[in-house]
Amino acid sequence: MDPEELLNEGAGEQKESPLVSLETDLKFFSESIREVAVEIMVEGLSAYPIFAAHQHDLSLGEVILDKNEINSEWTIHASTLEEFVERGIIKKELKERFIGSYKSPHDYMCVFVIVPEGANFVYFPYSKE
């Protein structure tokens, strides 16, 4: 990154955060993502669906929205709490704490957002429309 970008100097426009495009995608595909969450729960796979959003390659869960197919910057994978624990993304000793903070999967999608700076869980409300 150039120093000018850090200081927001120069004639160039300020770059939009990639999270803005993720928010747009999550709003647009909200109903499709909710359907997958319900399917995961109804089929008894997990009571805790997790969606991983990324811009590169990821071998976790199953792809439900491919950035190349939907003309987006983000690919979304469907996964579960159990897979996150099995893979060591969530430590076994922290599983109960995660469950305690997990928001209603009927009202919120649990999104594990992966960016070059790191990764974090975000709860994003499903569209009310």
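The values are calculated or read from the model by the stated rules, or taken from the named source; none is laboratory data. Here the structure is a predicted model, which is why all the values come from computation and not from measurement. When we count neighbours, we look across all protein chains shown, and the Cβ atoms used for this are built from the backbone with ideal geometry, even at glycine.
Structure data summary
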quantity	calculated
Of residues in segment 102-129 being over 23 Å from G44 (Cβ atoms) and of a type in the set (S, T, N, Q), the one modelled with the lowest pLDDT	S127
Check on F29, under 19 Å from Y126 (Cα atoms), aromatic (F, W, Y), under 14 Å from the mean Cα position of the chain (by Cα) and at pLDDT below 95	yes
Some residue of segment 108-124 being touching a residue at least 12 places away in the same chain (Cβ under 8 Å) and part of a loop (DSSP other than H, G, I, E, B)	no
Filtered residue count, segment 32-78, keeping only those that are among the basic types (K, R) and more than 15 Å from the chain's Cα centre (by Cα)	0
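Yes/no matrix, rows are residues, columns are (1) among the polar types (S, T, N, Q); (2) crowded, with 17+ Cβ neighbours inside 10 Å:
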| site | (1), (2) |
| --- | --- |
| F28 | no, no |
| R34 | no, yes |
| Y48 | no, yes |
| H54 | no, yes |
| G61 | no, yes |
| N71 | yes, no |
| W74 | no, yes |
| H77 | no, yes |
